[in-house]
Amino acid sequence: MTIKTITKNIKASIQNSLEQFDINLSKEALNLSPPKQESFGDLSSNIALILAKQIKRNPLEIAEKVCQDLINSNIDYIDDITVTPPGFINFLIDKKFYQDNLKLIIKNGVEFGKDLSVKKRTANVEFVSANPTGPLTVGHGRNAVIGDTVSNILEWHGYDVTKEYYYNDAGKQMRTLGKSVEARYYELLDKPFEFPEDGYQGDYIIEIAKSIINHYGKELEKEDKKFLSYAEKIIFKQIKNSLNSLRIQFDTFANEKSFYESGAIKKLLLDLEEKKLIYEKENATWYKATAVGASQDKVYIKSSGEPTYRLPDTAYHRDKVDRKFDLIVDIFGADHTDTYPDVLSALNALDINTEHIKILIYQFVTLIKNGEKVKMSTRRADFITLDHLIDELGLDIVRYFFIMRSMNTHLDFDLNLAKDQSDKNPVFYLQYAFARICNVIRHGENQGFEFSEEFDSSLLNEVSEIKLLKLMANFPVMMKTTLKTLEPQTVANYLQDLASSFHKFYGNCKVITEDKKLSHARLGLIHGSKIILSTGLTLLGISTPEKM
RNA sequence: GCGCCCGUAGCUCAGUAGGAUCAGAGCGUAUGCCUCCGGAGCAUAAGGUCACAGGUUCGAAUCCUGUCGGGCGCACCA
């Protein structure tokens, strides 16, 4: 028995009762939600208010009637049903349910809350996808952590997730990188050089040039391909290292070049041409985006003969659809807001279904250092790297700070603050709850209290105990909404609540006491809390220290 | 100018896809609590016309319109 089944039972009973009113209602209309005020119970229905208008009767009257039917139908684990103005029907769940549920949590462990009845599904999550032109920045960090956490959430729900990194290795950015390295190479050798106007100015370019001298000597010709290929290799290695230090690993890497080589891009153009969505103008090849609702047409191939990013991106997404994932997720920065509709519209024009593609857009990170905004640009090498951030703060804090806020609000990341306040950091609040539990368990063992599943959970009746039990029972509900919205921050908020409830319980109730039965019951309670805290923290990629 | 996101306590933000005479946390401020399983904690207090103005309805921080303010896009850059 879970909250879900209780909800289902209530809904069914309401539906039965409603038959007397001779009305057809949509499934969504029947909605049960926890009331804000605890005194109203655990679940409440607003169905009477909704119906009042339709059948032109007093909502209170309807509610009373339905309520009476519900009481008569004796729903499992429902202790009390009441009606309050203006017409809510409130359900009080028997505390026995929460007490029993604790046993379930302990029995199922990390599996608690999973819907094991759904069949295996697959998902592709594309994230980071930074071109290897320089070290990852703070902005990429938000992308990386969101992507990885979303992947974890999907995996928890039974998805087989492919984490994918896509990069453009054929475009202008990469050519500029090659030229920048080349210029530094000749500069180091005191030979004439020309630094590209929009070249990458960071010191790391110089380091790469030095390394090239060590590896390939001083005699490289102009425009040697090694400048770029070597730089790409080095930078990619650095990127992977940065990601590893956030405990992020990718399953596959996709690159632009492969879509030229496989002919996918040519095919895409031909297919779109057949749909009359391609035309030539001023020597360039255009995609007729206006034909599918966009405000202007977009260039696919520049007059220089070089495709814009849009073309390979579209071929790439077509490829992802072809790979038959049940769900495709893209994590993009706000600067991509206007680009993905073109990709999707082109696919739709080719009768390719894109309903299972979810685009998650996150707003930018503003880094604040010494009270000032740090403006970041890879090209000008004016940035704080992700590595720097991890070194300063540690990966747990970095990960947590990146997902603790809703992704559609801007994130002010105050470096000084995050560092100075590390003592009172929300991350430590969570980890401390976990460590505290471990400590009590250790203490119990020292006193001869071995944890056993055979405890009497009905002894858990204190307000703070019931509150903790309720939150724990709500974990699966929270996970379900998270799956729907794919907003990792709901998990973080939930864990804050859970930790807070635990700390309050800890302040109120002593676990290890003279009363052996009660001590065992409370050991059960903290074991359950430990399981859920651990599951949640693991989803967020944050460590669970037994001691701090 | 057009499009997308945002505006909630001094600061940083939650607010579960309209709910209920308390709009919630953390930080900061003020005051309590360790002879007692870890005080990185707990309790209490102060702090708000949910940017502003209209509208939709039984009911709005949440939906619609407009205004003001901030961010990001609007390239034959990615």
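The values are calculated or read from the model by the stated rules, or taken from the named source; none is laboratory data. Since the model is a prediction, treat every value here as computed from it, not as a measurement. Here the Cβ positions follow ideal geometry from the backbone for every residue, glycine too, while neighbour counts run over all protein chains shown. Keep in mind that these areas ignore ligands, DNA and RNA; they rest on the heavy atoms of the full protein, side chains included. Shrake-Rupley method; radii C 1.70, N 1.55, O 1.52, S 1.80 Å.
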- Item | Matching residues, the range A:337-364, being among the hydroxyl-bearing types (Ser, Thr, Tyr) and either within 15 Å of RNA strand B (Cβ to nearest atom) or loosely packed, with under 15 Cβ neighbours inside 10 Å (or both) | A:337, A:339, A:340, A:345, A:362
- Message: Please count how many residues of the range A:38-48 are more than 13 Å from residue A:21 (Cα to Cα) and open to solvent by less than 60 Å² (accessible area, probe 1.4 Å).
- Response: 6
- If you go through A:169, A:160, the only one that is acidic (Asp, Glu) and at pLDDT below 90 is A:169
- Note on the structure: Filtering the range A:402-415 down to residues that are of a type outside the set (S, T, N, Q) and either surrounded by 23 or more Cβ atoms within 10 Å (Cβ to Cβ) or farther than 21 Å from residue A:545 by Cα (or both) yields A:402, A:403, A:405, A:407, A:410, A:411, A:412, A:413, A:414, A:415
- Of the residues in the range A:333-357, those that are without any contact (Cβ under 8 Å) to a residue 60 or more places away in the chain and either part of a strand (DSSP E or B) or within 15 Å of residue A:316 (Cβ to Cβ) (or both) number 10
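This table checks each residue for (1) of a type in the set (A, V, I, L, M, F, W, C); (2) open to solvent by less than 40 Å² (accessible area, probe 1.4 Å).
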{"position": "A:167", "(1), (2)": "no, yes"}
{"position": "A:174", "(1), (2)": "yes, yes"}
{"position": "A:194", "(1), (2)": "no, no"}
{"position": "A:198", "(1), (2)": "no, no"}
- Query: Taking the range A:387-417 on its own, how many of its residues are of a type in the set (Gly, Ala, Ser) and under 22 Å from residue A:494 (Cβ atoms)?
  - Reply: 1
- Please determine, by comparing only the residues of the range A:303-316 that are modelled with pLDDT of 90 or more and more than 19 Å from residue A:274 (Cβ to Cβ), which one is farthest from RNA strand B (Cβ to nearest atom). A:316
- Message: Any residue in the range A:443-466 that is under 21 Å from residue A:499 (Cα atoms) and away from RNA strand B (no atom under 14 Å from the Cβ) sitting within a Cβ distance under 9 Å of a residue that is open to solvent by less than 60 Å² (accessible area, probe 1.4 Å) and among the aromatic types (Phe, Trp, Tyr)? List the pairs, counting only those 6 or more apart or interchain.
- Response: A:457/A:98; A:466/A:98
- Task: Please enumerate the residues belonging to the range A:284-300 that are near RNA strand B (Cβ under 8 Å from one of its atoms) and open to solvent by less than 80 Å² (accessible area, probe 1.4 Å).
- Result: A:284, A:298, A:299
- Item | Qualifying positions in the range A:504-538 - open to solvent by less than 10 Å² (accessible area, probe 1.4 Å) and closer than 17 Å to residue A:493 by Cα | A:529, A:532, A:533, A:536, A:537
- Task: Could you give me the residue pairs with C-beta distances under 6 Å whose first residue belongs to the range A:501-514 and is farther than 16 Å from residue A:471 by Cβ, whose second residue is open to solvent by less than 40 Å² (accessible area, probe 1.4 Å) and near RNA strand B (Cβ under 6 Å from one of its atoms) wherever it lies, and which are 6+ apart or on separate chains?
- Result: A:511/A:440
- Message: Show me the helices (runs of 4 or more DSSP H) entirely contained within the range A:429-548 in which 1 or more residues are aromatic (Phe, Trp, Tyr) and over 28 Å from the mean Cα position of the chain (by Cα).
- Response: A:489-508
- Item | Residue selected from the range A:405-428 under the condition near RNA strand B (Cβ under 7 Å from one of its atoms) and of a type in the set (A, V, I, L, M, F, W, C), by the criterion farthest from the chain's Cα centre (by Cα) | A:428
- Query: Just checking, which of A:245, A:258, A:262, A:229 is farther than 30 Å from residue A:386 by Cα and open to solvent by 40 Å² or more (accessible area, probe 1.4 Å)?
  - Reply: A:262
- Message: Anything in the range A:319-336 that is more than 9 Å from RNA strand B (Cβ to nearest atom) and either open to solvent by 60 Å² or more (accessible area, probe 1.4 Å) or in contact with a Leu (Cβ under 6 Å, 6 or more places away or on another chain) (or both)? List them, or say none.
- Response: A:322, A:323, A:324, A:326, A:331
- So residue A:86 fits all but one of (1) open to solvent by 60 Å² or more (accessible area, probe 1.4 Å); (2) more than 14 Å from RNA strand B (Cβ to nearest atom); (3) in contact (Cβ under 8 Å) with a residue 24 or more places away in the chain; what number is the exception? (2)
- Just a yes or no: is a residue in the range A:183-203 of a type in the set (Phe, Trp, Tyr) and under 27 Å from residue A:244 (Cβ atoms)? yes
- Query: For the subset of the range A:441-451 comprising residues that are closer than 18 Å to residue A:531 by Cα and touching a Leu at 6+ places or on another chain (Cβ under 8 Å), which member is surrounded by the fewest Cβ atoms within 10 Å (Cβ to Cβ)?
  - Reply: A:451
- Query: With respect to the numbered conditions (1) open to solvent by less than 20 Å² (accessible area, probe 1.4 Å); (2) more than 7 Å from RNA strand B (Cβ to nearest atom), which one is the sole condition not fulfilled by residue A:435?
  - Reply: (2)
- Query: Tally time: how many residues in the range A:116-128 are in contact (Cβ under 8 Å) with a residue 40 or more places away in the chain, part of a loop (DSSP other than H, G, I, E, B) and surrounded by fewer than 22 Cβ atoms within 10 Å (Cβ to Cβ)?
  - Reply: 3
- Can you confirm whether the range A:270-283 contains a residue that is part of a loop (DSSP other than H, G, I, E, B), more than 11 Å from RNA strand B (Cβ to nearest atom) and without any contact (Cβ under 8 Å) to a residue 60 or more places away in the chain? yes
- Query: Which is over 28 Å from residue A:1 (Cβ atoms) and either within 12 Å of RNA strand B (Cβ to nearest atom) or of a type in the set (S, T, N, Q) (or both), of A:484, A:547, A:516?
  - Reply: A:547
